[in-house]
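The values are calculated or read from the model by the stated rules, or taken from the named source; none is laboratory data. None of these values were measured; they are calculated from a predicted model. Heads up, the Cβs are rebuilt from the backbone with ideal geometry, glycines too, and the neighbour counts pull from every protein chain shown. Only protein heavy atoms, including side chains, enter the accessible area calculation; ligands, DNA and RNA are left aside. Shrake-Rupley method; radii C 1.70, N 1.55, O 1.52, S 1.80 Å.
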Amino acid sequence: DEQRPHIIEINSGLFNLMNDEELKYVVGHEIGHLINSDATISQLYGFIYPDDEDKEKAPSFLTKRVQLYKQLAELSADRYGYIANENLEACVTAVFKMASGLFLEKMNVSIETLMAENSERLEFFLKDSGVSEGSHPVNPIRIRALELFANAKTQTGLNRGMNELISVLQSFIYGELDNVDSRVE
C-alpha cells in the first residue's frame, strides 16, 4: 500500500547476533508476515477488545482461535524465511539465537547435537507435556516445521507432517470442552 508502506526494522543487536544467512531467514520470515497480511486478525481482535480488561471479557473460543491463528502464522512465516535462504542450518540457528541470544559455537554445540536434542524435546511436546500460550509455537515445533520445509519430498509428505504439528498446537490450545460434540443423540 503506497499510502502505508511496510517497514521491517532490524536493530544493531540483531546484526551483531546473526550472520548473513540467518538475517536472510529473519527478513524472509517478516516478509512472509507481510505477504500473508498476518497482522490483520490481530488488529481486528485489538479493535474489538482494545485493552486487557476487554480481552478478559472476550469469548474463550475466540481467544483460543486467534491464538492458534497467530501460531500458525508464525509457522507460515518460517516457511518464507526458509525460502529466502534455503539453508536449514541457518534457519535453525536463527530461531535458536532469537530465543536464547546464544551462539552454538561458543557453547561448543554442533548443529547435529541441537537437531537431535530438538527431536527429543519435540517428543516431549508431542506427548502433551508442554504448552505455549504465546504468539509463537515452542521452538521444537518450529524447528520440526523447518525440517519439513527443507526435507519433504512431496507436497503430501509436507502436508502430513504439518498436519501432525497443527494437531499438536490445537491440543495445546483447545481443551476437552472445546472439542465436545454438542449434538444430542
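With the alpha-carbon atoms of the stretch 28-72 aligned to their principal axes, the span from lowest to highest coordinate is 35, 17, 12 Å, starting with the largest. Axis angle, to the nearest 10 degrees, between helix 20-36 and the longest C-alpha principal axis of the chain: 30 degrees. Accessible area per residue for the stretch 35-94 is 57 Å², calculated with a 1.4 Å probe on protein heavy atoms, without ligands, DNA or RNA.
As a calculated quantity, the FRET efficiency between ILE8 and ALA58 at R0 = 35 Å, using C-beta atoms, amounts to about 0.75. Between 0 and 90 degrees, the angle of helix 39-48 with respect to the longest Cα principal axis of the chain falls at about 40 degrees. The base-10 log of I(q)/I(0) for the chain, evaluated at q = 0.12, 0.19 Å⁻¹, reads -0.67, -1.41 [Debye formula, identical scatterers on Cα atoms, solvent excluded]. Ellipsoid fit via the Cα gyration tensor, the stretch 7-83: semi-axes of 29, 14, 10 Å, each the root of five times an eigenvalue, largest first. State the percentage of accessible surface on the stretch 47-168 attributable to carbon and sulfur atoms; use a 1.4 Å probe and exclude ligands, DNA and RNA. In the stretch 47-168, the share of accessible area belonging to carbon and sulfur is 52 percent.
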